[in-house]
Every structure is written in C-alpha cells, then in structure tokens.
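Quick one: the structure is below, questions incoming.
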Amino acid sequence: MSLRGSDNDFSSMIFSSLSKSSSEYRRLPPASLLPKKMGWAEVGIRSFPRKYLMSIAIWSFVLLAASLLILYLMSLFGGSYENSKTESIQSQISLFTVLIAVVSAGIVSPVYEEIFYRGFLYRWLRTRCGRGWASFLSSAIFMAAHIPTYNTLAISFVAGLIFAWTYENTKSVIPGMIAHGLTNTIFVLLTVTG
C-alpha cells in the first residue's frame, strides 16, 4: 500500500503547525486543524472508556519490564543505561532538578509526543498504510526523534508500539499520555536514585 496521501494534507499540517508563533498556539483548536474545521478530538484528545484505567497500569508495567529486559540484554554486550540525559540529572541532583526532570519527562513530553506521534502521525499513516505499518513507521520515527540517546532507542521503539496499540484500542491519546508520563517519571526517579 502506498504511503503517499493527497498533495497537501500531511505536509501542510506539519508545516502549518511549525510555522505558528508560540502566542498563536494558545488559541483552540490548533491552527493546523482549522482548514478542515477539526477539533482536539481529531488528534485523540477525547475521553476513553473507563474500563481501560486498569490497562494503563498494565501497559506501563509491560513497558517498564520490556525496558529493563532491553537494558539487561544491552549490558550483556557492554552497553549501559547511562546517556547524556542520565548523566545530566545525576551530576546535579537537587529537589529543583528532579522536579524539572519529572515535569519535563513525566508531563510535558508525554502530552506533546502523544498528540504528535499518535494523534497526528499514527492516525495519518493508518489511513494510508494500515495499522501494522502505521505502528511500525510511527514507532520508528518516534525512536529516531530520541537520538542522540542511542542506548535507549530500542526502548523508544517498543514504547512507540505500545502507545500506538493503546491509541488504537482506546481511540484516545490520553491513556498513552498517562502510561508515557508514568513510565518516564519512574525512569527519572530510578535515575536519581542511581
């Protein structure tokens, strides 16, 4: 199946979003949704069935377990969990730096990453190449966006697959945001405690 859509839909959505000033982002809905009269629900900002609340904890646990397994396997081949982000946090541990790391990794990043990678990108790819390829490609792009932390790229890819599956099952990015934020926060706290 072809990955090409109509001439302007995806590229104009991205470039439109990137070209707006920060003050324009305060308006709702985002400018990239206006040409087609779309709202936040179009990018997955919508309620989800409450039956998935327990699943969020399970998805977070699965991601943590998969991440630890990947890190363990990497350590067998001489890899390390440390990278520029972990070194930065560990070199300047204070309540303030931990708070900044938790807010950044546990709140801000999950919100914008889930809206973009699952709400925009996965959804767009799914309409052009199906669920499987959309999951794979959006996860690969999500992984590439986490360069230069090369030692966590496999974890980012697996996380992208889990979050795409979560979005597909709930039709909402909010459960992915929660699972993403929870796992990122746990990783920050594990990094701080050494």
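In the stretch 79-148, what is the volume of the convex hull around the alpha carbon atoms, normalised per residue and reported in Å³? Kindly include the intermediate steps, with their values, before the conclusion.
Working: hull volume 6.1 nm³, N = 70.
It is 87 Å³ per residue.
Let me ask something else. Where Rh is the Kirkwood radius over the Cα pairs of the stretch 35-77, the temperature 37 °C and the viscosity 0.692 mPa s, what D in µm²/s does Stokes-Einstein return? Before the final figure, lay out the partial values.
Details: Rh = 13.4 Å.
Diffusion coefficient, whole number: 244 µm²/s.
Sticking with this one: Per residue and in cubic angstrom, what volume does the convex hull of the Cα atoms of the stretch 106-177 have? Don't skip to the end; give the middle numbers.
On the way: hull volume 5.3 nm³, N = 72.
With only Cα atoms used, the stretch 106-177 gives 73 Å³ per residue.
Quick note: the coordinates plus some simple rules give every number you see, no bench work behind them. What you see is a predicted model; the values in this text were computed from it and never measured.
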